[in-house]
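Notes follow the structure.
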Amino acid sequence: MAKITLNNLAHSYVDNPESDEDWALKEMTLEWEDGGAYALLGPSGCGKTTLLNIISGLLKPSTGSILFDQQDVTELTPEQRNIAQVFQFPVVYDTMTVYDNLAFPLKNRNLDQATINQRVSEVAQMLELESVLNKKAAGLTADGKQKISLGRGLVRSDVNVIMFDEPLTVIDPKLKWLLRSKLKELHRRFNFTMIYVTHDQTEALTFADKIVVMEQGKVLQVGTSQELFEQPQHTFVGHFIGSPGMNRIEVTAKDDGFYAGNTRLPINKSSTPYNHAKSLSIGVRPEHVYFSDQGLDVKINKCEDIGRYKLANIQFDDTELKLLASSEQALPESSGRVNFDPKFTHLYVDGWRDNEWAILE
Ligand code: ATP
């Protein structure tokens, strides 16, 4: 397995990129630890597949370089990079048995039969394919075939990195959870460096130790699920992670504090001047907004019971906010006051979190 370094990497599909939009990947420098389980998470079109294809060698970046440990692999083919890749749709040899499909990458490397048997049986057991090992792959369902693809990706122990591009798309929802846990278990057991591409936050958060959140070709944050949840570095991360996502309130800075419209927010102003900022906003998750005796006067538009929680849609001036309360809590009916948990209230300057700012009140 290898540490992966991306140095000033950027990619454009057009010949002479001029504007920002011409770059499918904006310049990035990142280091991914050897043995780490990473997820690349972001909405459709944000550049996840482009980045994955650059790391695997299917695509050459317009600028920058890729290192596996100390070796510059930018000019190497996928085969020379020694990686395993699992795609969205199954890639199997229909006329071969499940066993032969799984053994294929090992036979190609001329491993001895005993090692092949051992690895195939280990992976087959993990993916619950033991009972169909002697069947032709053609007879399997889409789920079964994708399990073979996953198995083929996992069967070699000598690869630098294993990459998954939305591998559970064709998998039945009930099986998805099981396979995700299996991948996690495999990671714990063998310490592979793994990169898992998805637009589904649940998949990313359950699979990965570190999540790389992307939007419009940019990496906005690399962090654990807790870091993304508690300290989103960009408003997009706050909004994209969490269900519902982080509330965002546009504010202006005045001498005595932050204002949303004409309402002063119940938080302190930092001493930093924000004259240079094009936009200022406060971010706070629905979990960290609560009804209180003091605070902002709000109207309650709607309140829903969502299992263990109540979700209130509240409003002050023109700003709509979401508030999550426990299901036992009695909520006011039409109006009330709300406050924000200071530990989890953030200030964003032009979309980026001001890490110097902390609420003192
Ligand atoms: P999805 O989740 O839909 O697969 P993604 O996050 O993987 O999306 P990419 O497929 O990497 O995103 O696409 C990033 C940007 O590059 C998009 O604007 C896309 O239209 C563009 N793009 C991707 N492949 C090509 C290509 N072969 N030629 C030109 N533009 C491309």
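Side notes on the structure shown:
- Enumeration of residues in region 180-209 that are among the acidic types (Asp, Glu), more than 16 Å from the ligand (Cβ to nearest atom) and in contact with a strand residue (DSSP E or B) (Cβ under 9 Å, 6 or more places away or on another chain): ASP209
- Positions within region 296-327 being crowded, with 18+ Cβ neighbours inside 10 Å and among the small types (Gly, Ala, Ser), in sequence order: ALA312, ALA325
- Cross-chain or 6+ apart pairs with Cβ under 6 Å, region 215-241 first and outside the structural domain of TRP32 (by TED's automatic domain parsing) and in a strand (DSSP E or B), then among the hydroxyl-bearing types (Ser, Thr, Tyr) and modelled with pLDDT under 95: none
- Any chance ASP112 is surrounded by fewer than 17 Cβ atoms within 10 Å (Cβ to Cβ), touching a Ser or Thr at 6+ places or on another chain (Cβ under 7 Å) and over 28 Å from ASP172 (Cβ atoms): no
- Boolean, GLY257 is surrounded by 13 or more Cβ atoms within 10 Å (Cβ to Cβ) and more than 32 Å from the chain's Cα centre (by Cα): yes
Okay, residues lined up against (1) surrounded by fewer than 21 Cβ atoms within 10 Å (Cβ to Cβ); (2) in contact (Cβ under 8 Å) with a residue 60 or more places away in the chain; (3) of a type in the set (A, V, I, L, M):
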position	(1), (2), (3)
VAL86	no, yes, yes
LEU102	no, no, yes
GLN118	yes, no, no
SER131	yes, no, no
ASN134	yes, no, no
LEU150	no, yes, yes
ASN160	yes, yes, no
ARG188	yes, no, no
ASN191	yes, yes, no
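- Residue match in region 61-78 (condition: under 23 Å from HIS199 (Cα atoms) and in contact (Cβ under 8 Å) with a residue 12 or more places away in the chain): yes
- Enumeration of residues in region 131-151 that are at pLDDT 95 or above, farther than 15 Å from VAL91 by Cβ and assigned to a helix (DSSP H, G or I): SER131, VAL132
Here is a yes/no grid of residues against (1) of a type in the set (A, V, I, L, M, F, W, C); (2) in contact with a helix residue (DSSP H, G or I) (Cβ under 6 Å, 6 or more places away or on another chain):
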residue: ASP72; (1), (2): no, no
residue: GLN88; (1), (2): no, no
residue: VAL91; (1), (2): yes, yes
residue: PHE104; (1), (2): yes, no
residue: LYS107; (1), (2): no, no
residue: ASP112; (1), (2): no, no
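- Qualifying positions in region 1-57 - small (Gly, Ala, Ser) and more than 8 Å from the ligand (Cβ to nearest atom): ALA2, ALA10, SER12, SER19, GLY35, GLY36, ALA37, ALA39, SER56, GLY57
- Within the set ARG119, ARG156, the sole residue that is more than 16 Å from the ligand (Cβ to nearest atom) and either in contact with a strand residue (DSSP E or B) (Cβ under 7 Å, 6 or more places away or on another chain) or under 26 Å from LEU41 (Cα atoms) (or both) turns out to be ARG156.
- Elements of type strands (runs of 3 or more DSSP E) contained in region 311-361, each with 1 or more residues being aromatic (Phe, Trp, Tyr) and in the same structural domain as ILE249 (by TED's automatic domain parsing): 335-340, 345-349
The values are calculated or read from the model by the stated rules, or taken from the named source; none is laboratory data. Not measured: the values here are computed from a predicted model. All Cβ positions, even for glycine, are placed from backbone atoms using ideal geometry, and neighbour counts span all protein chains on display.
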